[in-house]
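Undergrad: Sharing a structure, written as structure tokens. Questions coming.
Where a number appears in this text, it was derived from the coordinates with a stated rule and is not lab data. What you see is a predicted model, and the numbers here were worked out from it, not measured in a lab. Glycine gets a Cβ as well: all are built from the backbone with ideal geometry, and neighbour counts include every protein chain shown.
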Amino acid sequence: MLPILHRGRLVGRLDAKAHRQEGQFEVIGIWLEAGVPASPALVAGLAAAITECAAWHGTPRVVIQRSQPRGLATLIRTALEA
């Protein structure tokens, strides 16, 4: 589990795995800390960081399995498509 820092503050945690053979970066789970809102700036930052990490691993296809809050995965998926 990796910590997520945003603007110098711990805002969440991420569990991910790169499946290089399949070209897939799997976000097994992404969780925000209690009281951290999924603001547009945070979602954009998360999407950018996930994209950068996936590219570094050579896994261009990103799959997000689950999130907390529940709608966070959908917000990040939308930002990834933009």
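Undergrad: Would you pick out the residues in segment 23-75 that are surrounded by fewer than 14 Cβ atoms within 10 Å (Cβ to Cβ) and either under 23 Å from G8 (Cα atoms) or touching a residue at least 60 places away in the same chain (Cβ under 8 Å) (or both)? Steps first, answer last, please.
TA: Of segment 23-75, the ones surrounded by fewer than 14 Cβ atoms within 10 Å (Cβ to Cβ) are 23, 28, 33-35, 37, 39-41, 48, 52, 55-56, 58, 60-61, 65-66, 69-71, 74.
Once the filter is applied, which keeps residues that are surrounded by fewer than 14 Cβ atoms within 10 Å (Cβ to Cβ) and either under 23 Å from G8 (Cα atoms) or touching a residue at least 60 places away in the same chain (Cβ under 8 Å) (or both), segment 23-75 yields E33, A34, G35, P37, S39, P40, A41, A48, E52, W56, P69.
Undergrad: Shifting gears a bit: Picking from E52, E33, which residue would you name as being of a type in the set (D, E) and in contact with a Gly (Cβ under 7 Å, 6 or more places away or on another chain)? Steps first, answer last, please.
TA: Values: E52 fails: in contact with a Gly (Cβ under 7 Å, 6 or more places away or on another chain).
It is E33.
Undergrad: If you scan segment 1-30, which residues turn out to be of a type in the set (A, V, I, L, M, F, W, C) and out of contact with any Leu (no Cβ under 8 Å at 6 or more places or on another chain)? Reasoning before the result, please.
TA: So in segment 1-30, the residues of a type in the set (A, V, I, L, M, F, W, C) come out as 1-2, 4-5, 10-11, 14, 16, 18, 25, 27-28, 30.
Hits for segment 1-30 are L5, L10, A18, F25, I28.
Undergrad: Right, here's the next one. Name the residues in segment 51-64 that are closer than 14 Å to H19 by Cα and either in contact with a strand residue (DSSP E or B) (Cβ under 6 Å, 6 or more places away or on another chain) or of a type in the set (V, I, T) (or both), would you?
TA: Filtering segment 51-64 down to residues closer than 14 Å to H19 by Cα leaves 53-64.
Answer for segment 51-64, where residues must be closer than 14 Å to H19 by Cα and either in contact with a strand residue (DSSP E or B) (Cβ under 6 Å, 6 or more places away or on another chain) or of a type in the set (V, I, T) (or both): A54, H57, T59, R61, V62, V63, I64.
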